[in-house]
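Have a look at the structure below, then the notes.
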Amino acid sequence: MTNEFEILSVKAREVLDSRGNPTVEVEVKTKNGISRAMVPSGASKGKHEALELRDNDDRFLGMGVRRAVENVNDIIAKNIIGMDCREQGEIDELMIELDGTENKSNLGANAILGVSMAILRASALEMNIPLYKRIAEIVGNGTFILPTPAMNIINGGKHAGNDLKIQEFMIMPTGANSLGEGIRICSEIYHTLKETIKKRYGKNAINVGDEGGFAPPLNKTEDAIGLILKSIHELGYEDDISLAIDAAASEFYSNGRYILDGSEMDRNDMIGFYSDLISNYPIISVEDIFSQDDWDSWIEFTTEFGKKVQIVGDDLLVTNIKRIKRAVKSNACNALLLKINQIGTITESIEAAKYSLKSEWNVMVSHRSGETEDPFIADLVVGLGTGQIKSGAPCRSERNAKYNQLLRIEEELKEEGKAEYMGNIL
């Protein structure tokens, strides 16, 4: 007799992400239908991330993922067909064992993650509950929190073609009364910023980067912040909006020095640089402000500023529980940027979030610069109850897919009388 929750088939294919590069899509068939998941990809990758398996041949300029697809279809599928789709932890652990490497370089983190995501979605389908409620059930979370979005509206670094070194300049609607209101406010600021940039730099300057933010011809950090503040002021949203930055400092670090805003800086210079920004502007969150292995700088900065701002580890932590534990023990930061493809399974992602929250850290669930139309992380952030999501500008459908799903979830939770908006993150 067939188990009601039995996995009947697993199939992967090569599809395209938001940059037109191949990525992995996985379908899991169960009694009540097919559940799909698509895997995102980053541009500015931390060197400690789980390995995204690429073909490195002539197809797609070496970016093909046929090997990862074959690993799903030929290896993973035959080992998990017939299992109960509700056994998320058991299935994820089996895939880790099948891979047998520390960084999932055998089967590929993109192969493993696609299956992990699709399995979770399949279990929600079979249990006839929304994905976010299924995640909350696994986590043991009884409170649904709608997240404060961090919207990247000016792009620099690897996400843009300008000379800004800081990779992301974000707005966060910390003073909004609801998620829907926060998204509206951010959208209004985004469109006002577009007109400001167009008037000052011309229509070519309003082209958007990988995450939907604008990439005006700037080379100074404070010039980008100034443009954003002008747009906020024009609309009268000074009390509703806070700022955040993602420096992605590993990208402008070399031989113990940082090259930023035309200057070569050491640790003390960088701490002074960030200190001035925090003092002069309404910045409440700073991410990847030092290189991924510059632990001493992280620790010194957190000691001085950890009670004033959210200090987010991305490349530093790569959603890896071992690195998170080291950072907690050494007080290297006070928040995790959770990217599911950095670690490669949903179970490990949940473990990373739970440990971080238990350690009294904040957790921001994040997209990648190479995204898909899959809104998975919208359900994930509500299910985890972390209260923060980073999914780019209110532009490009692969970004808005997440915000639109959050609006649907907000509507549903309001009808149930359970909608709670995170608001201020500090």
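The values are calculated or read from the model by the stated rules, or taken from the named source; none is laboratory data. Here the structure is a predicted model, which is why all the values come from computation and not from measurement. Neighbour counts run over all protein chains shown; Cβ positions are idealised from the backbone, glycine included.
Going by the conditions given, is N219 more than 25 Å from the chain's Cα centre (by Cα) and either in a loop (DSSP other than H, G, I, E, B) or of a type in the set (S, T, N, Q) (or both)?
On the way: more than 25 Å from the chain's Cα centre (by Cα): yes; either in a loop (DSSP other than H, G, I, E, B) or of a type in the set (S, T, N, Q) (or both): yes.
The answer is yes for N219.
Quick grid of which residues meet (1) within 24 Å of S369 (Cα to Cα); (2) among the charged types (D, E, K, R); (3) in contact (Cβ under 8 Å) with a residue 24 or more places away in the chain; (4) buried (at least 24 other Cβ atoms within 10 Å of the Cβ):
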position: K104; (1), (2), (3), (4): yes, yes, yes, yes
position: L107; (1), (2), (3), (4): yes, no, yes, yes
position: M117; (1), (2), (3), (4): yes, no, yes, yes
position: I129; (1), (2), (3), (4): no, no, no, no
position: N141; (1), (2), (3), (4): no, no, yes, no
position: K165; (1), (2), (3), (4): yes, yes, yes, no
position: I171; (1), (2), (3), (4): yes, no, yes, yes
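Could you check how many residues of the range 380-393 are crowded, with 24+ Cβ neighbours inside 10 Å and either in a loop (DSSP other than H, G, I, E, B) or not aliphatic (A, V, I, L, M) (or both)?
Restricting attention to the range 380-393, the residues satisfying the condition of being crowded, with 24+ Cβ neighbours inside 10 Å are 380-384, 386, 388-393.
Pick out the ones that are also either in a loop (DSSP other than H, G, I, E, B) or not aliphatic (A, V, I, L, M) (or both) and you get 383, 386, 388, 390-393.
Number satisfying all stated conditions: 7.
Name the residue, out of K308, K325, that is part of a loop (DSSP other than H, G, I, E, B), among the basic types (K, R) and either assigned by TED's automatic domain parsing to the domain that holds N152 or within 26 Å of T101 (Cβ to Cβ) (or both).
Values: K325 fails: part of a loop (DSSP other than H, G, I, E, B).
Every option except K308 fails the conditions.
Among the residues of the range 192-203, are any crowded, with 20+ Cβ neighbours inside 10 Å and in a loop (DSSP other than H, G, I, E, B)?
Looking through the range 192-203, none of the residues is crowded, with 20+ Cβ neighbours inside 10 Å and in a loop (DSSP other than H, G, I, E, B).
Do we find that E14 is acidic (D, E), more than 22 Å from L380 (Cβ to Cβ) and surrounded by fewer than 16 Cβ atoms within 10 Å (Cβ to Cβ) in this structure? Walk me through how you get there before you give the answer.
Numbers: acidic (D, E): yes; more than 22 Å from L380 (Cβ to Cβ): yes; surrounded by fewer than 16 Cβ atoms within 10 Å (Cβ to Cβ): no.
For E14, the condition - acidic (D, E), more than 22 Å from L380 (Cβ to Cβ) and surrounded by fewer than 16 Cβ atoms within 10 Å (Cβ to Cβ) - is not met.
Out of D314, D276, D294, D288, I need the residue that is in contact with a strand residue (DSSP E or B) (Cβ under 8 Å, 6 or more places away or on another chain) and either farther than 25 Å from M151 by Cα or free of Cβ contacts under 8 Å to residues at least 12 places away in the same chain (or both). Which one?
Among D314, D276, D294, D288, only D294 is in contact with a strand residue (DSSP E or B) (Cβ under 8 Å, 6 or more places away or on another chain) and either farther than 25 Å from M151 by Cα or free of Cβ contacts under 8 Å to residues at least 12 places away in the same chain (or both).
How many of the residues making up the range 56-77 are surrounded by fewer than 18 Cβ atoms within 10 Å (Cβ to Cβ) and touching a Gly at 6+ places or on another chain (Cβ under 6 Å)?
1
Assuming T319 fulfils every condition listed in (1) at positive phi; (2) assigned to a helix (DSSP H, G or I) apart from one, which condition is it?
Every listed condition holds for T319 apart from (2).
Here are some conditions: (1) under 24 Å from I350 (Cα atoms); (2) modelled with pLDDT of 95 or more. G46 meets all but one. Which one does it not meet?
(2)
Condition check: within 22 Å of the chain's Cα centre (by Cα), aliphatic (A, V, I, L, M) and in a loop (DSSP other than H, G, I, E, B). Does A37 satisfy that?
no
Select from the range 245-266 the residues that are over 24 Å from E211 (Cα atoms) and surrounded by 19 or more Cβ atoms within 10 Å (Cβ to Cβ) and list them in ascending order.
If the condition is that a residue be over 24 Å from E211 (Cα atoms) and surrounded by 19 or more Cβ atoms within 10 Å (Cβ to Cβ), then Y258 is the only one that fits.
Tell me yes or no: at least one residue of the range 399-415 is within 26 Å of F290 (Cβ to Cβ), assigned by TED's automatic domain parsing to the domain that holds D294 and either surrounded by fewer than 22 Cβ atoms within 10 Å (Cβ to Cβ) or of a type outside the set (G, A, S) (or both).
Residues of the range 399-415 that are within 26 Å of F290 (Cβ to Cβ), as a first pass: none.
No: zero hits.
For the range 322-335, does any single residue satisfy the condition of being crowded, with 24+ Cβ neighbours inside 10 Å and touching a residue at least 40 places away in the same chain (Cβ under 8 Å)?
Checked the range 322-335: at least one residue is crowded, with 24+ Cβ neighbours inside 10 Å and touching a residue at least 40 places away in the same chain (Cβ under 8 Å).
Of all residues in the range 328-357, which are part of a loop (DSSP other than H, G, I, E, B) and among the hydrophobic types (A, V, I, L, M, F, W, C)?
Of the residues in the range 328-357, the ones part of a loop (DSSP other than H, G, I, E, B) are 331-334, 339, 344-345.
Result: A332, C333.
Can you confirm whether the range 223-234 contains a residue that is of a type in the set (A, V, I, L, M, F, W, C) and not in a helix (DSSP H, G or I)? Don't jump to the end; show me each part of the working.
Here is the first cut: in the range 223-234, the residues of a type in the set (A, V, I, L, M, F, W, C) are 224-225, 227-229, 232.
Restricting the remaining residues to those that are not in a helix (DSSP H, G or I) gives none.
No, that holds for no residue.
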